[in-house]
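Taking it in order: structure first as structure tokens, then the write-up.
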Amino acid sequence: MSKPDILAVAKLHPFYLEALQASFTVHDRAHEADAAAFAELAPRISGIAAMGESRVSRSLLAQLPNLKVVSVFGVGYDGVDTEAARERGICVTHTPDVLSDDVADLAIGLMLSIARRIPQADQHVRAGRWPSGPMPLGRKVTGARLGIVGLGRIGKAIARRAQAFDMSIAYTARSEKPESGYLHYPNPKALAAEVDFLVVITPGGAGTRHLINAEVLSALGPNGFLINVARGSVVDESALVHALQSGLIAGAALDVFENEPNVPAELWSLGNVVLTPHMASATQQTRQAMADLAFANMRAGLAGEPLLTPVPECR
Ligand code: NAP
Ligand code: 8YV
């Protein structure tokens, strides 16, 4: 019997690709190649494999009459048109929880990196500047005030880690979470005004676009640091560049950008930023767990079995 046909809409992580290839025929970005060949293939496609940043549009879904499941390798799925999928009865799945620890670890790592200037200090030593003098002083993290924008699975994991640094913890989210015991603020601006470090960890998409804008950065102020591990779209990048260049905020540590993998050239030359290439979940262990879960969702979806982790819109 021939294997079911799967469309990979992006270059898949090797762990995910290898798992899929054992059971399915994977067509790597066939929708971006020859249109006539894709039209011939399209009726056979029963699954889409996507990365967290992939775009799965209404028009792509419309070309796949026998599609059953979209399995995203990532917890974020802001590029998938879930409304169009739901209208057609197509299931969308993602990989929550298994990556929360890694993303929280990196958020704390970025906070320490920007506050204590760890990448800059490494450069100071490597460039032979140590004999000429010390590094400028950093900002103490222990005991500082942390604000978390988005107190979901990952936001809570960040808060738990921050407690070990004796930080005071406040947050904003769509709904208040009295059970958390953390101080709630109604919006990012009110939160930013009261903290030293503002960590952003909401989903991307239309609902959070430019949630962190010039006003929020101004409220964070010249002693405040921004850490973004959510999606580039959540922060107004032009406003952020301006705030960093003009000293409106003290610094920023960023894992995500508006137009990845392109990072604004203005950020490259700034000394008060730390930049990482969207790598918060990028450990061997977590990427394996994500691949296992994304594969299990694909397999279950195609077999008509209950999905392990459907997105909330499809439950
Ligand atoms: P989650 O459990 O769904 O939590 C999302 C949180 O964001 C919730 O607290 C939610 O509020 C809040 N939120 C949503 N819309 C908001 C808005 N407009 N204003 C304020 N808060 C809002 O998701 P998660 O598992 O923690 O993941 C969060 C996101 O992290 C993902 O969607 C993804 O974009 C990003 N991420 C990035 C990386 C990376 O590599 N950098 C890795 C993994 C995830 P309520 O609780 O009130 O609903
Ligand atoms: C991944 C992510 O790097 O889970 C997410 O939402 O952004 C990251 O874990 C990404 O999904 C892989 O493309």
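Of the residues R129, R117, which is without any contact (Cβ under 8 Å) to a residue 12 or more places away in the chain and of a type in the set (D, E, K, R)?
That would be R129, the only listed residue that is without any contact (Cβ under 8 Å) to a residue 12 or more places away in the chain and of a type in the set (D, E, K, R).
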Considering only residues of segment 1-40 that are closer than 28 Å to Q285 by Cβ and hydroxyl-bearing (S, T, Y), which is surrounded by the fewest Cβ atoms within 10 Å (Cβ to Cβ)? S23
So how many residues does segment 41-58 have that are out of contact with any helix residue (DSSP H, G or I) (no Cβ under 9 Å at 6 or more places or on another chain) and either more than 25 Å from F257 (Cα to Cα) or open to solvent by 40 Å² or more (accessible area, probe 1.4 Å) (or both)? 4
Quick test of your reading of the structure: A10 fulfils all but one of (1) farther than 16 Å from L307 by Cβ; (2) in contact with a Pro (Cβ under 6 Å, 6 or more places away or on another chain). Name the failing condition by number. (2)
Scan segment 276-304 for residues that are part of a loop (DSSP other than H, G, I, E, B) and within 19 Å of Y16 (Cβ to Cβ) and jot them down. P277, H278, M279, A280, S281, A282, T283
Going through segment 189-202 in order, the residues found to be open to solvent by 20 Å² or more (accessible area, probe 1.4 Å) and in a helix (DSSP H, G or I) are K189, A190
Return yes or no: is H184 within 16 Å of ligand 1 (Cβ to nearest atom) and either crowded, with 16+ Cβ neighbours inside 10 Å or outside the structural domain of L211 (by TED's automatic domain parsing) (or both)? yes
Could you please give the count of residues in segment 70-89 that are more than 11 Å from ligand 1 (Cβ to nearest atom), among the hydroxyl-bearing types (S, T, Y) and not in a strand (DSSP E or B)? 1
Residue check for A173: out of contact with any Pro (no Cβ under 7 Å at 6 or more places or on another chain) and open to solvent by 50 Å² or more (accessible area, probe 1.4 Å): no
From the option list A50, A39, A10, single residue qualifying as of a type in the set (A, V, I, L, M, F, W, C), out of contact with any Leu (no Cβ under 9 Å at 6 or more places or on another chain), touching a residue at least 12 places away in the same chain (Cβ under 8 Å) and within 16 Å of ligand 1 (Cβ to nearest atom) is A10
Which of the helices (runs of 4 or more DSSP H) found entirely inside segment 93-183 contain at least 2 residues meeting this: over 30 Å from Q288 (Cα atoms)? 100-116, 118-126
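A quick yes/no check of all residues on (1) open to solvent by 20 Å² or more (accessible area, probe 1.4 Å); (2) within 26 Å of T286 (Cα to Cα):
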position: R116; (1), (2): yes, no
position: G128; (1), (2): yes, no
position: P131; (1), (2): yes, no
position: K140; (1), (2): yes, no
position: R145; (1), (2): yes, no
position: G150; (1), (2): no, yes
position: I154; (1), (2): yes, yes
position: D166; (1), (2): yes, no
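The values are calculated or read from the model by the stated rules, or taken from the named source; none is laboratory data. All figures in this text were calculated on a predicted structure; none of them were measured in a lab. Note that we place each Cβ from the backbone using ideal geometry, even for glycine, and neighbour counts take in every protein chain shown. Please note that ligands, DNA and RNA were not included when accessible areas were found on the heavy atoms of the full protein model with its side chains. Shrake-Rupley method; radii C 1.70, N 1.55, O 1.52, S 1.80 Å.
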